[in-house]
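In what follows, a single structure is set out as structure tokens and then discussed.
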Amino acid sequence: MTRAISHPHWGNSPWSIDFQPAPSSIPAKADFAIVGGGFSGLSAASWLRRFAPGKSVVLFESVAIGAGSSGHTGGLALAETAAGNLPGLGDVLAGFTTILSELAVDCDCQLPGAIEVGRSGGLPDSPISWSDSGLLRAVRQVPGGTIDPGKMVSGLARAAETSGAQIFENLPIKEILFENPVRLRFQGGELRARKVLLATNGMSLELSDLARRAQTKFTLAVATEPLRAAQIESLGLASQKPFYTIDFPYLWGRLLRTGGVVFGGGLVHMDDWRELMNLDIDEGESAELIARLESRVRALHPALQTVRFTNRWGGPILIANEWRPVFARHPQSQSVVVLGAYSGHGVAQSVYLGRWAAEVLCGNSSLPDWNPAEEKA
Ligand SMILES: Cc1cc2nc3c(=O)[nH]c(=O)nc-3n(C[C@H](O)[C@H](O)[C@H](O)COP(=O)(O)OP(=O)(O)OC[C@H]3O[C@@H](n4cnc5c(N)ncnc54)[C@H](O)[C@@H]3O)c2cc1C
């Protein structure tokens with residue numbers, strides 16, 4: 001069964017999910033508990049079962065798998081973090097593709113490279129020549145490509161469940177008691193876990209203690225109707241390479257299999273992540289930013305002047321201080337690891353670091369070198 005990826009008023013993305021967790025009853029205890037059913041949590045769930053086959057893994061998702069950033073993302077798979085390469089990070093894209101293959105996740109992954117575009121320093125043979133607060137041209141090609149986010153969420157969830165993890169949707173964790181074992185409280189009950197991964201990203205910042213390390217924003221995207229091959233060629237997108245700007249105003253985008261093009265940009269600021277719950281893309285700042293994005297797209301190139309938009313949507317991103325992803329022990333418990341805040345570069349990182357997080361929780365690996373010293377232990 002296919003279902004739309006939805007949060008009440010975040011619009012409709014071109015992606016859909018064809019996985020529903022098998023019904024089962026919530027155990028009272030587990031060896032490993034994961035909070036958050038996005039790419040990070042789902043990847044970790046599979047790997048925990050693979051690294052520790054005799055141990056139980058339970059994943060809690062407050063709404064539905066993919067309901068956060070992962071189901072609303074643009075699906076650009078990039079090698080570097082938003083802060084560039086980091087010490088000890090390793091080869092993200094190689095790890096990402098190996099994981100997809102080992103978990104048999106079919107998500108239309110294509111890695112032809114990605115194009116960085118900018119308003120100065122354009123390459124003489126730039127395939128892209130657009131008008132957007134100046135002349136936008138390709139400045140560099142970097143490793144990367146695209147995936148279908150709905151298929152990736154579904155495939156990761158299927159792999160996790162097949163490997164023996166239990167997934168529970170519509171089950172927000174309301175409170176965590178940092179005892180030994182860790183107590184995860186939800187409406188009507190609690191689960192005790194030896195080790196916990198908090199992969200809640202832009203939400204539940206009071207559980208993950210991320211409020212002091214990152215800020216939740218809401219970002220927007222639109223998809224056009226299918227374009228003709230000649231239009232795609234004249235836009236400079238026939239190579240299937242996604243693109244993003246290295247200067248502001250920010251713009252990113254990619255081709256869809258239908259021939260439509262996704263364009264994204266714009267940030268809604270909020271003082272508290274809970275504002276996400278009342279955010280409606282047809283109202284206020286979100287609606288203004290969508291309208292602005294559509295005008296920008298139509299003005300980019302003559303091929304887009306009268307283009308029709310088929311999808312308008314948005315989703316949360318968690319922007320970390322200094323743009324470095326957070327992958328650290330929770331300050332209140334050595335048994336709890338926090339992973340997230342990829343600052344808009346999470347598609348490949350989340351899957352790759354989800355596996356690494358599973359290794360850390362199993363005691364087979366240590367945390368990376370880019371964390372403050374007190375969180376590495
Ligand atoms: C519009 C948009 C475009 C983007 N484009 C790109 C891109 O092209 N390339 C790229 O690399 N990155 C992009 N990103 C960012 C990328 O999507 C994220 O970094 C990535 O999906 C993060 O995955 P995650 O699993 O860490 O978090 P999420 O997918 O946000 O998962 C967290 C989950 O935790 C759940 N949750 C929260 N609190 C609780 C709780 N208390 N109990 C239980 N569950 C809870 C949420 O419901 C959610 O499902 C984009 C994001 C958006 C919104």
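What follows is calculated from the coordinates using simple rules that are stated; it is not laboratory data. The shown structure was predicted, so the numbers you read here are calculated from the model rather than taken from an experiment. Methodologically, a virtual Cβ is constructed for each residue, glycine included, from the backbone with ideal geometry; neighbour enumeration extends over all protein chains shown.
Order of 178, 32 from fewest to most other C-beta atoms within 10 Å?
Numbers: 178 14, 32 24.
Ascending Cβ contact count within 10 Å gives the list 178, 32.
If we count other beta carbons within 10 Å of each Cβ, what is the order of 174, 151, 55, fewest first? List each step's numbers first, then the result.
Numbers: 174 13, 151 20, 55 16.
With the sparsest Cβ surroundings first, the list reads 174, 55, 151.
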Interchain or sequence-distant (5+) residues whose placed amide H lies within less than 5 Å of the amide H of residue 186 are 174, 191
The ³J(HN,Hα) series, computed from each phi in the stretch 198-211 with the Karplus coefficients 6.51, -1.76 and 1.60 at θ = phi - 60°, rounded to the nearest Hz and given as x for glycine or proline, is 9, 10, 8, 6, x, 10, 6, 5, 6, 6, 7, 6, 8, 4
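For 277, 152, 203, which order do you get if you count the other beta carbons within 10 Å of each Cβ and list the fewest first? Write out the running numbers ahead of the final one.
Details: 277 11, 152 30, 203 25.
Least crowded to most crowded, the residues run 277, 203, 152.
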Distance in Å, no decimals, from the C-alpha centre of the stretch 282-354 to the one of the stretch 69-146 is 14
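Taking Rh as the Kirkwood radius, which is the inverse of the mean 1/r over Cα pairs, what is the Rg/Rh value for the chain? Could the numbers behind the result be given before it?
On the way: Rg = 20.2 Å, Rh = 20.9 Å.
A ratio of 0.97.
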Square roots of five times the C-alpha gyration tensor eigenvalues of the stretch 262-325, ordered largest first and given in whole Å, equal 26, 15, 9
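To the nearest 0.05, how large is the calculated FRET efficiency for residue 104 and residue 299 if R₀ is 35 Å and r is the Cβ-Cβ distance?
Details: r = 43 Å, r/R0 = 1.23.
That gives a FRET efficiency of 0.25.
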Given backbone amide H placed at 1.01 Å from N, residues whose amide H is under 5 Å from that of residue 311, ignoring those fewer than 5 places away on the same chain, are 223
Taking GluC sites (Glu not before Pro) in a DSSP loop with at most 12 other Cβ atoms within 10 angstrom as exposed, one finds the longest site-free stretch of the chain at 1-178
Karplus-derived 3J(HN,Hα) from phi for the stretch 155-163 (6.51 cos²θ - 1.76 cosθ + 1.60, θ = phi - 60°), whole Hz, x at Gly and Pro, runs x, 5, 5, 4, 4, 5, 5, 4, 7
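Taking a temperature of 25 °C and a viscosity of 0.890 mPa s, what whole-number D in µm²/s does Stokes-Einstein yield for the stretch 226-341 with Rh from Kirkwood over alpha carbon pairs? Mind showing how you got there, number by number?
Numbers: Rh = 16.9 Å.
Roughly 145 µm²/s, to the nearest whole number.
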Once the in-chain neighbours fewer than 8 apart are removed, the lysines whose Cα is under 28 Å from residue 55 read 29, 151, 174, 195, 376
Karplus ³J(HN,Hα) for the stretch 315-331 (6.51 cos²θ - 1.76 cosθ + 1.60, θ = phi - 60°; Hz, whole; x = Gly/Pro) runs x, x, 10, 10, 9, 7, 4, 6, 6, 8, x, 8, 8, 8, 5, 5, x
The set of residues whose placed amide H lies less than 5 Å from the amide H of residue 117, leaving out same-chain residues fewer than 5 positions away, is 139, 244, 245, 246
